[in-house]
1. For the list (1) of a type in the set (A, V, I, L, M); (2) exposed (fewer than 14 other Cβ atoms within 10 Å of the Cβ); (3) in contact with a helix residue (DSSP H, G or I) (Cβ under 6 Å, 6 or more places away or on another chain), I need the number of the one condition that M241 fails.
2. Within the bounds of the stretch 159-180, is there any residue that is more than 16 Å from ligand 2 (Cβ to nearest atom), touching a residue at least 24 places away in the same chain (Cβ under 8 Å), more than 14 Å from T345 (Cβ to Cβ) and out of contact with any Leu (no Cβ under 6 Å at 6 or more places or on another chain)?
3. Which numbered condition trips up E7, out of (1) modelled with pLDDT under 95; (2) within 16 Å of ligand 2 (Cβ to nearest atom)?
4. Among the residues of the stretch 309-335, which ones are surrounded by fewer than 20 Cβ atoms within 10 Å (Cβ to Cβ) and within 16 Å of ligand 2 (Cβ to nearest atom)?
5. Hey, does the stretch 38-55 have a residue that's part of a helix (DSSP H, G or I), modelled with pLDDT of 85 or more and in the same structural domain as A343 (by TED's automatic domain parsing)?
6. Just to verify a result, which residue in the stretch 122-145, among those that are in contact (Cβ under 8 Å) with a residue 40 or more places away in the chain and over 10 Å from T345 (Cα atoms), is farthest from ligand 2 (Cβ to nearest atom)?
7. Return the residue satisfying two criteria in turn: it lies in the stretch 293-304 and is over 23 Å from A182 (Cβ atoms) and of a type outside the set (K, R), and of such residues it is surrounded by the most Cβ atoms within 10 Å (Cβ to Cβ).
8. Go through (1) surrounded by 18 or more Cβ atoms within 10 Å (Cβ to Cβ); (2) modelled with pLDDT of 80 or more for L254 and report which single condition fails.
Amino acid sequence: MLCLGIESSCDETALALYQGDIDKSLLEKDLKSEKISYREFPQGKLIGSVLASQAELHALFGGVVPELASREHYRLIGKLYDKLLYDTGVKSQDIDLISVARGPGLLGALLIGMAFAKALALGTNAKLIGVNHLEAHLLACGLEQKLIFPALGLLVSGGHTHIYRMNSPREFILLGKTLDDAAGEAFDKVSKLLNLPYPGGKWLDSLGQRGEIIPKLLPLPYLNNDNLNFSFSGLKTAVSMYISKNPQLLTLSLEQEQLNTDNIELNNLAASFNHAVATTVTEKLKRALLKEKKGEIKAVYLAGGVAANSFVRKYLLNFTNEFKLPLLIPSLKLCTDNAAMVAYTGWLLGGLGLHHSLSLNAVPKGQN
Ligand code: KG4
Ligand code: ZN
């Protein structure tokens with residue numbers, strides 16, 4: 001089965017092709033909801049992938065401008081598709097299944113990918129499947145290693161901070177989510193306060209690696225409760241208050257192109273901020289593990305742009321080592337938005353017998 005993946009939910013226009021055979025006996029087991037180990041799941045192959053990022057365009061405005069994003073997707077999607085076919089030697093008629101990210105995301109941006117997917121499905125008779133963009137982020141691990149279920153998944157991106165129980169590729173149970181800012185959003189807003197370039201997560205990360213964590217400099221957000229949700233807006237306010245009491249942090253601010261790494265106070269603030277976010281997500285995951293039935297969870301997945309963060313990776317690795325669980329993280333290029341994850345997720349779900357009709361709709365807020 002050859003599956004085309006289409007991703008246009010935010011500011012990346014991307015298409016990819018994934019090919020492989022699915023063992024039909026797994027479909028039967030999955031339908032009977034038997035506990036199956038996807039360790040034995042057959043792997044296919046990513047045979048091509050193209051991506052155009054609009055990051056530079058939106059950086060001019062300090063954040064993604066939805067209208068501009070839609071226009072860029074519209075301008076580029078056809079050209080990228082042609083390039084993908086040219087690069088791989090595949091013809092439109094060879095495609096068996098078209099998988100498109102249907103949400104969550106920006107409505108206008110999603111609709112460009114959806115319209116393209118439907119038109120192609122209509123023109124080629126390929127089957128169509130809409131996949132959840134966040135679930136695809138977590139399943140992206142399967143592009144590089146065998147999937148393991150049941151598992152816990154932490155999705156930390158610019159728009160979301162979700163904890164899931166993942167029972168199978170098609171059964172994700174949301175256990176907790178952010179009540180306000182997403183983790184990546186908190187990184188970006190704090191970077192903005194510090195005059196760092198947008199998106200600021202990676203800058204705060206690298207400054208933090210040079211700094212020292214100062215205990216109690218910043219609060220550990222939203223831990224004094226027994227739910228699995230997150231709230232990062234208080235942490236952002238704490239940084240803002242700290243900056244207003246320490247204005248020298250800003251007078252020593254960074255050049256856009258050159259990262260000044262000698263500002264010890266700034267590095268310490270960055271380290272403390274990274275520590276607060278990483279501690280909170282790790283602690284909530286640990287609580288999720290303890291709440292789920294003992295011994296049932298076989299792995300922990302981490303995905304989304306903030307999965308690139310060195311503190312989050314280190315803290316989660318310590319946690320999973322403590323509980324002797326494997327930690328599955330896609331490589332960096334698969335952590336950020338891409339179409340390989342959409343093609344792979346569609347291939348998995350399509351192989352399990354799931355399809356949609358041409359009346360499929362975008363779901364900007366994200367349910368399947
Ligand atoms: O998943 P993603 O590429 O886009 C979506 O939100 O869908 O995530 C982007 C987010 C941005 O907020 C960016 O600042 C953050 O990921 N990010 C990081 C790091 N690299 C990217 N945050 C913290 N540390 C990093 N190293
Ligand atoms: Zn994403």
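The values are calculated or read from the model by the stated rules, or taken from the named source; none is laboratory data. Computed from a predicted structure; not experimentally measured. As a convention, Cβ positions derive from the backbone with ideal geometry for all residues, glycine included, and neighbour counts pool all protein chains shown.
1. (3)
2. The answer is yes; a qualifying residue exists.
3. Unmet for E7, out of (1) modelled with pLDDT under 95; (2) within 16 Å of ligand 2 (Cβ to nearest atom): (1).
4. S331, L332, K333 - these are the residues of the stretch 309-335 that are surrounded by fewer than 20 Cβ atoms within 10 Å (Cβ to Cβ) and within 16 Å of ligand 2 (Cβ to nearest atom).
5. Yes: the stretch 38-55 contains one or more residues that are part of a helix (DSSP H, G or I), modelled with pLDDT of 85 or more and in the same structural domain as A343 (by TED's automatic domain parsing).
6. The qualifying residue farthest from ligand 2 (Cβ to nearest atom) is L122.
7. Top of the filtered list is I297.
8. For L254, the failing item is (2).
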